[in-house]
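Reading through the structure tokens given below for one structure.
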Amino acid sequence: MSVGRIAEDTGYSERMMFRLLCDLHTRLGSRNRTEALKLVRAVGAGKCLNVPSTTAGTQARIWPCSGQPAQNWTYTTGNQLTVGGGTMCLDAYNNQTSAGTKVIIWSCNGQTNQQWLRNSDGSITGVQSGLCLDVTGASTADGALVQLWTCHGGSNQRWTLG
């Protein structure tokens, strides 16, 4: 996505959006502007939200940060997290709202099980369930799965974007 497109979508001039993105890049201290906008890091594990495939139904996991498309997430104005710049959204499996629900990717459809709130404590909660995005068992292992769980403030439920 270009700076011009982001500016157009948000109502800013291209020049102003470029300045805002440069400022964001500087504040985050990231290696490049793409990373500053796209990576979702699990605080407790120091790894990135990742999907091993773009096939609908693939469960999200954590994996060492590499900036590959499987780790490129966009937080939309509709509170969705899309992966790889495509049409696949982070999704609470089968519209479930209970602790332990798998977090998968699915074709974006705008339903509340695909909407996420970024909270001031670093947690990300599902709009439909109110549950937190959670690394299962507070694992730090490569490939640890992501689920919905009752929010408890643990580092396995805190995330940073950028």
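The values are calculated or read from the model by the stated rules, or taken from the named source; none is laboratory data. Please read these numbers as outputs of a predicted model, since none were measured by experiment. Cβ sites come from the backbone with ideal geometry, for glycine too, and all protein chains shown count toward neighbours.
Kindly indicate which of THR97, THR101, THR87 is out of contact with any Lys or Arg (no Cβ under 6 Å at 6 or more places or on another chain), closer than 18 Å to LEU39 by Cα, among the polar types (S, T, N, Q) and in contact (Cβ under 8 Å) with a residue 12 or more places away in the chain. Spell out the reasoning first.
On the way: THR97 fails: closer than 18 Å to LEU39 by Cα; THR101 fails: closer than 18 Å to LEU39 by Cα.
Only one candidate qualifies: THR87.
If you go through region 133-162 and keep only what is of a type in the set (Ser, Thr, Tyr) and in contact with a Gly (Cβ under 7 Å, 6 or more places away or on another chain), you end up with THR140, SER155, THR160.
Before we move on, is THR82 assigned to a strand (DSSP E or B) and either touching a residue at least 40 places away in the same chain (Cβ under 8 Å) or not acidic (Asp, Glu) (or both)? The answer is yes for THR82. Which condition does GLY122 not pass, out of (1) small (Gly, Ala, Ser); (2) over 15 Å from the mean Cα position of the chain (by Cα); (3) in a loop (DSSP other than H, G, I, E, B), if it passes all the others? GLY122 satisfies all of (1) small (Gly, Ala, Ser); (2) over 15 Å from the mean Cα position of the chain (by Cα); (3) in a loop (DSSP other than H, G, I, E, B) except (2).
Would you check if ASN50 is modelled with pLDDT of 95 or more and either farther than 25 Å from SER155 by Cβ or among the acidic types (Asp, Glu) (or both)?
Details: modelled with pLDDT of 95 or more: yes; either farther than 25 Å from SER155 by Cβ or among the acidic types (Asp, Glu) (or both): no.
It is false that ASN50 is modelled with pLDDT of 95 or more and either farther than 25 Å from SER155 by Cβ or among the acidic types (Asp, Glu) (or both).
Residue check: is THR54 in a loop (DSSP other than H, G, I, E, B) and in contact with a strand residue (DSSP E or B) (Cβ under 9 Å, 6 or more places away or on another chain)? Answer is yes for this residue. Residues in region 95-115 that are touching a Ser or Thr at 6+ places or on another chain (Cβ under 7 Å) and under 20 Å from THR76 (Cβ atoms): ILE104, ILE105, SER107, CYS108.
Residues of region 125-151 that are β-branched (Val, Ile, Thr) and in a loop (DSSP other than H, G, I, E, B): VAL127, THR140, THR150. When region 130-147 is filtered for residues that are of a type outside the set (Val, Ile, Thr), in contact with a strand residue (DSSP E or B) (Cβ under 6 Å, 6 or more places away or on another chain) and surrounded by 15 or more Cβ atoms within 10 Å (Cβ to Cβ), the ones remaining, listed by number, are LEU131, CYS132, LEU133, ASP134, ALA144, LEU145, GLN147. Kindly establish whether ASP91 is closer than 18 Å to PRO52 by Cα and not in a strand (DSSP E or B). Spelling it out, it is not the case that ASP91 is closer than 18 Å to PRO52 by Cα and not in a strand (DSSP E or B). If the condition is being within 21 Å of GLY162 (Cβ to Cβ) and exposed (fewer than 15 other Cβ atoms within 10 Å of the Cβ), then region 80-117 contributes GLY85, GLY86, LEU117.
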